[in-house]
1. How many percent of all Cα-Cα pairs in the range 47-184 sit more than 23 Å apart?
2. Expressed in nm², what is the orientationally averaged projection area of the convex hull enclosing the Cα positions of the range 24-100?
3. Cut-off under 30 Å on the C-alpha distance; same-chain residues fewer than 8 positions from Lys36 excluded. Which lysines are left, in chain and number order?
4. In square angstrom, what is the accessible area per residue of the range 136-184 with a 1.4 angstrom probe?
5. Hey, could you get me the Stokes-Einstein D for the range 60-134, Kirkwood radius over alpha-carbon pairs, 10 °C and 1.306 mPa s, rounded to whole µm² s⁻¹?
6. Using a 1.4 Å probe on the protein heavy atoms only, what accessible surface does Leu108 show? Give it in Å² to the nearest 10.
7. So, with a 1.4 angstrom probe, what is the percent of accessible area on the range 108-184 that is carbon and sulfur?
8. When Lys and Arg each count +1 and Asp and Glu each count -1, what net charge do the other residues less than 15 Å away from Gly43, Cβ to Cβ, add up to?
Amino acid sequence: LGAGFLVAAFSLSSMAAETRVTAQPKPNACAASLPKELTARLGEAYKGWRVLGISALVADDQAIWKQTWDAKSCPGVATGDFKGAGTASYAIALIHQAASARSEKLILADKSGGTYRLTELYSENIVSNFAVVRKGPPGQYKDFYDRTKPITIRTDTAIYEHIEASAIAFYAKGNVFEKVLISD
């Protein structure tokens, strides 16, 4: 009876361990779309933060994202020539969820000197719905409150948008980033 009990106990403990392994959350597909070196850099600089994935959006925003953009595209990562340097850089929506608050940041990552440089473009501490990021083309943009003076942007823009609410276009102007509210 003792040996049979040990085998049964071992089998139960093995099944429990297997259950724990399979219960791990799936990797965030948006984070997986970034270069590994950049993912590691973000992990060092922003501990406790993660790249926004579609599952973090409220149900209405998920449906709108899937209808408006490719359902396989990532609402937390946009790739473009945001600095006008002829090289790809990344606009990344990072989120932090705690029991008492949801926070978000928009980070621009570009490779400089063999490593990724991170520039924080936007941060908000308490949000009800997370904003998505997408690439906007070069061209003319108008400030939502002053439509009389269009702004000509020569680079790709990082559009940071609370779906069905406000959108801000971030763009390079020399060595700094400017922003313009394009909808509210």
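The values are calculated or read from the model by the stated rules, or taken from the named source; none is laboratory data. No experiment lies behind these values; they were computed from the predicted model shown. As a convention, Cβ positions derive from the backbone with ideal geometry for all residues, glycine included, and neighbour counts pool all protein chains shown. What goes into the accessible areas is simple: the full protein's heavy atoms, side chains included, and nothing from ligands, DNA or RNA. Shrake-Rupley method; radii C 1.70, N 1.55, O 1.52, S 1.80 Å.
1. Values: 3170 of 9453 pairs.
In whole percent, the share of Cα-Cα pairs in the range 47-184 beyond 23 Å is 34.
2. Numbers: hull surface 26.9 nm².
Taking a quarter of the hull surface, the average projection is 6.7 nm².
3. Qualifying lysines at Cα under 30 Å: Lys26, Lys47, Lys66, Lys72, Lys83, Lys105, Lys111, Lys135, Lys173, Lys179.
4. On the way: 2870 Å² over 49 residues.
With the other protein chains kept in place, the range 136-184 gives 59 Å² per residue.
5. Working: Rh = 13.7 Å.
So the translational diffusion coefficient is about 116 µm²/s.
6. Around 0 Å² of this residue is reachable by solvent.
7. Working: 1980 of 4320 Å².
For the range 108-184, the apolar C and S fraction of the accessible surface comes to 46 percent.
8. Details: positive: Lys36, Arg41, Lys47, Arg50, Lys105; negative: Glu37, Glu44.
Charge balance near Gly43 sits at +3.
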